[in-house]
């Protein structure tokens, strides 16, 4: 099992990735949300310059905010700086588009995007769809070090539902999934193979197809409660991000919240409804995956914390990771609270990585 980090891209926080490399983390995924954090490609360029071993890439780049040729050229530029260890993660934009008051790309749009993107990442010609036109494009100056397509750029497609997971199986070298449970991982293989079958592939755990989930991890001290102040300080932001996501699904598509939110849902929705509807999209994601607003701290119940994060003793977490690996998961990437991020990776590196 690989353990990676996901980071809210911060142009002044390169030391964090440098330390993760020193501690033995396998991947560094730079998150992409243009109205929340620094630009992910600018951050990746600095990361590439300061590191030499850790795999680096987007975690994940957004299809609905940059045309496929722009994303392809961006990651191929990083691949020129970090050849052989650059990857490209891409998704339809659950947060990056919603922070602008927009819904994520629809599945059909996302598939068209992937159809263009995949050959471009190989340095090949692709068909770019624009304003009703189908335009053949390719990078026409791939030499002299402007970009690097000679070293492969693995494509990891983010998918939370059956349709997006099928696209991940069809177009990706791997998938980024949303639930760190063995049942969810096992169930995802069916959707991945539905997509893979469209291109005459069969995917299976233990093969070349690479699977990752986003969560975070807190190693409990003996007798420590799963909702202790330290736990909240290390994973509260991830927990609240799951609440933000559920609210967006409810607001945009009418999806009912998951059961673990039942005890807080009424109070949470009432709080958000005090903000003007035309600017509520800005309020929903305040502090997103970095810190918890004071008025939201009351929503960090044990159920909310444990539903989104891996919280347990050293032995419990090692056992859980072993079960996930047996279900076919290759990597867990962790995204701790911003202020405690160094403490978290130090403890995970000491108590978890050597045993998995």
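Using the per-residue mean of other Cβ atoms lying within 10 Å as a proxy for protection, in what order, highest first, do the peptides 328-335, 286-293 fall?
Top of the packing list down: 328-335, 286-293.
Determine, for each peptide in 109-117, 144-152, the mean count of other beta carbons within 10 angstrom over its residues, then list the peptides with the highest first.
By packing density, highest mean first, the sequence is 109-117, 144-152.
Select from 141, 238, 217 the residue whose mean-square fluctuation is largest in a Gaussian network model of the chain (Cα-Cα springs shorter than 10 Å).
Most flexible of the set in this elastic network: 141.
Efficiency by 1/(1 + (r/R0)^6): what FRET value for residue 273 and residue 109, r their Cβ-Cβ distance, R0 = 25 Å, to the nearest 0.05?
Numbers: r = 30 Å, r/R0 = 1.20.
E(calc), rounded to 0.05, equals 0.25.
Can you tell me which of 251, 341, 230 moves the most in a GNM of the chain? Springs connect C-alpha atoms under 10 Å apart.
Most flexible of the set in this elastic network: 251.
By how many nm would the segment from residue 221 to residue 338 grow when fully extended, if each residue of separation counts as 0.36 nm and the alpha-carbon distance is taken off?
40.0 nm
Rounded to the nearest 500 deg cm²/dmol, what is the calculated helix-only ellipticity per residue at 222 nm for the chain, with -39500 (n - 2.57) per DSSP H run of length n ≥ 4?
Result for the chain: -13000 deg cm²/dmol, rounded to the nearest 500.
If packing is taken as the average count of other Cβ atoms within 10 Å, what order do 218-224, 162-168, 193-199 fall into, highest mean first?
Top of the packing list down: 162-168, 193-199, 218-224.
What angle, in degrees between 0 and 90 and rounded to the nearest 10, separates the Cα long axis of helix 68-81 from the longest principal axis of the Cα atoms of the chain?
90
Please state the relative contact order of segment 229-304 as a whole percent: Cα pairs under 8 Å, 6+ residues apart?
47
Running a GNM on the chain with Cα contacts under 10 Å, which residue among 18, 243, 140 ends up with the highest mean-square fluctuation?
140
I need to check one value: relative contact order of the chain, counting alpha carbon pairs closer than 8 Å and at least 6 residues apart, in percent.
Answer for the chain is 18 percent.
Write down the percent of antiparallel bridges among all DSSP beta bridges whose residues are both part of segment 86-159, to the nearest 5.
On the way: 5 of 8 bridges.
Of the beta bridges lying entirely in segment 86-159, close to 60 percent run antiparallel.
Relative to the longest principal axis of the C-alpha atoms of the chain, give the angle of the C-alpha long axis of helix 182-197, reported between 0 and 90° and rounded to the nearest 10°.
Rounded to the nearest ten degrees, it is 20.
Against the longest alpha carbon principal axis of the chain, how many degrees, from 0 to 90 and to the nearest 10, is the axis of helix 314-326 turned?
40
Which residues in segment 204-221 have a backbone N closer than 20 Å to a point placed 7 Å from the Cα of residue 355 along the Cα-to-Cβ line?
Correct set: 215-221.
Of the DSSP beta bridges with both residues in the chain, give the percent that are antiparallel, rounding to the nearest 5.
Counting only bridges with both partners in the chain, antiparallel ones make up about 15 percent.
Just need log10 I(q)/I(0) for the chain at q = 0.14, 0.15 Å⁻¹, Debye formula, equal scatterers on the alpha-carbon atoms, no solvent, rounded to two decimals.
-1.21, -1.40
On alpha-carbon atoms, Rg over Rh for segment 229-304 using Kirkwood Rh?
Result for segment 229-304 is an Rg/Rh of 0.94.
Between residue 184 and residue 19, what is the label-to-label distance in nm when each label sits 7 Å out along the Cα-to-Cβ direction?
2.7
Values quoted throughout were computed directly from the atomic coordinates according to the rules given, and no laboratory measurement underlies them. All figures in this text were calculated on a predicted structure; none of them were measured in a lab. Every residue, glycine among them, receives a Cβ derived from its backbone with ideal geometry; neighbour counts consider all protein chains shown.
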